[in-house]
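A short write-up of the structure that comes next.
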Amino acid sequence: MEAKEKKPSGESGDKSADDLEAVFDVPVRISAVLGRTKMPVSELLEMDAGSVVELDRQVGEAIDIYVNSRLVARGEIVLVEDKLGITMTEIIKAG
């Protein structure tokens with residue numbers, strides 16, 4: 001009798017979208033981080049509408065995309081019909 005080779009999990013075999021149907025309705029939190037900064041609470045309380053907050057990123061630098069607080073991709077901000085969107089430019093492999 002010939003043994004069948006078992007494929008490691010995550011490797012595609014005879015899987016289809018139907019196999020993933022159980023997770024289609026699982027909610028996830030997606031965050032796009034433009035940059036970060038630190039400031040004292042007193043400075044934060046002095047801010048008004050139109051105040052500028054300096055971030056730790058440069059214009060044109062990729063933004064980080066998180067799913068459930070885990071970095072999964074990097075991307076660029078795009079404008080689509082007067083709405084902001086994100087184009088993923090790099091997928092971050094788990095490591």
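Quick query: amide H of R57 versus all other amide H atoms, modeled in the peptide plane; which residues come in under 5 Å with a sequence gap of 5 or more or a different chain? Here the answer is R36, since their amide H atoms fall under 5 Å of that of R57.
Let a ≥ b ≥ c be the square roots of the eigenvalues of the Cα gyration tensor of the stretch 53-95; is it rounded (a/c under 1.5), or, if not, prolate (a/b larger than b/c) or oblate?
oblate
Sorted by accessible area with a 1.4 angstrom probe, largest first, how do D82, D64, D19 fall?
Values: D82 145, D64 10, D19 85 Å².
Largest accessible area first, the list is D82, D19, D64.
The values are calculated or read from the model by the stated rules, or taken from the named source; none is laboratory data. Small disclaimer: the values here were computed from a predicted structure and weren't measured. These area figures cover heavy atoms from the full protein model, side chains too; ligands, DNA and RNA do not enter into them. Shrake-Rupley method; radii C 1.70, N 1.55, O 1.52, S 1.80 Å.
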